Amino acid sequence: VGLGDWARLRGTYSRDVRAANLAERFDKSGGTTVIDDPRTPEVEALTVIRYAGGNPSVRPEKADTLTAGVVLHPPVIDGLRLSLDWYDIRIADSIGQVGAQAVLDRCFLEKAQEFCALVTTSPPGGDITLVGDVYVNVEQAKVSGIDLEVDYDVPLTILGGDEGLRLRGFASWLLTRSETNSSGVTTDYAGQIGATQNSQAYLPYADFKAVG
């Protein structure tokens, strides 16, 4: 939607469906990992057998994406362009791995049965002997944030030609990066990096970079 020569509004809504790929359904690997038994108060370093990889039972994931933004070309500064966009992505039956420790935490602390099925104890209720970190449907995932871009073009004639200098800056603010399991427990990973976090703390994230 145009608002004259200096401003434009934009937005999208989409529904997307993705089935698990071959690796998420059939790949398998094994080894050992170090875990802490969440059933005990002390912090331990227990070595157990871990298997990871595909799960042929994963269901397709469905996502609803909503974005809204504005693009500005301020007439008072020639060559300057600003854009600000908000996005909200909600995925049902999101496919992913959570990590061996998170499998244990979600089973014993959050009582999520889909993760308890991946834990083997010997005898039943005894020591943990095997943990499966396979791809699962984590029920629901949500990502939302704000992106800002600043673009500035300056024409130059230093070498007698049509040179120019272009500066671009990007900033991103992650508002939400959460997963909700079948027990209704929501874990927010905003502010963390990697694929196997298990903290529930909310920490906004911001990043900025510029290129010439």
Two decimals, Cα atoms only, Kirkwood Rh: what is Rg/Rh over the chain? 1.14
Can you give me the distance in nm between label points at R10 and L22, each placed 7 Å from the Cα along the Cα-to-Cβ direction? 3.6 nm
Fraction of accessible area attributable to carbon and sulfur, the range 45-102 (%, probe 1.4 Å): 64 percent
Residues of the range 165-195 with amide nitrogen under 17 Å from the 7 Å Cα-to-Cβ point of D78? 165-167
Exposure rule at most 15 other beta-carbon atoms within 10 Å, DSSP loop GluC sites (Glu not before Pro): the chain longest free segment: 45-212
Non-local residues with an amide H under 5 Å from the amide H of S94, with H modelled 1.01 Å from N and Pro and chain starts lacking one, are V138, E139, Q140, A141
Residues of type aspartates and glutamates that K62 reaches as a straight line, Cα spacing below 15 Å, ignoring anything fewer than 8 places off in the same chain: D16, D88, D93, E139, E179
Spin-label point model (7 Å from Cα, Cβ direction): what's the D127 to E149 distance in nm? 5.6 nm
Selection from V131, L104, G54, by position along the positive dipole direction of the chain (Cβ): G54
GNM, the chain, Cα, under 10 Å: largest mean-square fluctuation among L167, L130, L104? L167
Most fluctuating of G191, G11, G96 in the GNM of the chain (C-alpha, under 10 Å) is G11
Per residue, accessible area of the chain with a 1.4 Å probe, heavy atoms of protein chains only, in Å², comes to 58 Å²
Note down the relative contact order for the range 39-169 as a percent, whole number, built from C-alpha pairs under 8 angstrom at least six residues apart. 29 percent
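How large is the charge dipole for the range 13-170, taken about the Cα centre, if only the Cβ atoms of Lys, Arg (+1) and Asp, Glu (-1) carry charge, to the nearest 20 debye?
Details: 15 positive and 25 negative charges, 105 e Å.
That gives a dipole near 500 debye.
Under 8 Å for C-alpha pairs, at least 6 residues apart: give me the relative contact order for the range 25-82, rounded to a whole percent.
Working: 61 pairs, mean separation 17.2, N = 58.
Reported relative contact order: 30 percent.
The values are calculated or read from the model by the stated rules, or taken from the named source; none is laboratory data. This is a predicted model, so every value here is computed, not measured. Don't worry about glycine lacking a Cβ; one is built from the backbone with ideal geometry, like all the others, and counts go over all protein chains shown. Protein only, heavy atoms only, side chains kept; ligands, DNA and RNA dropped before computing areas. Shrake-Rupley method; radii C 1.70, N 1.55, O 1.52, S 1.80 Å.
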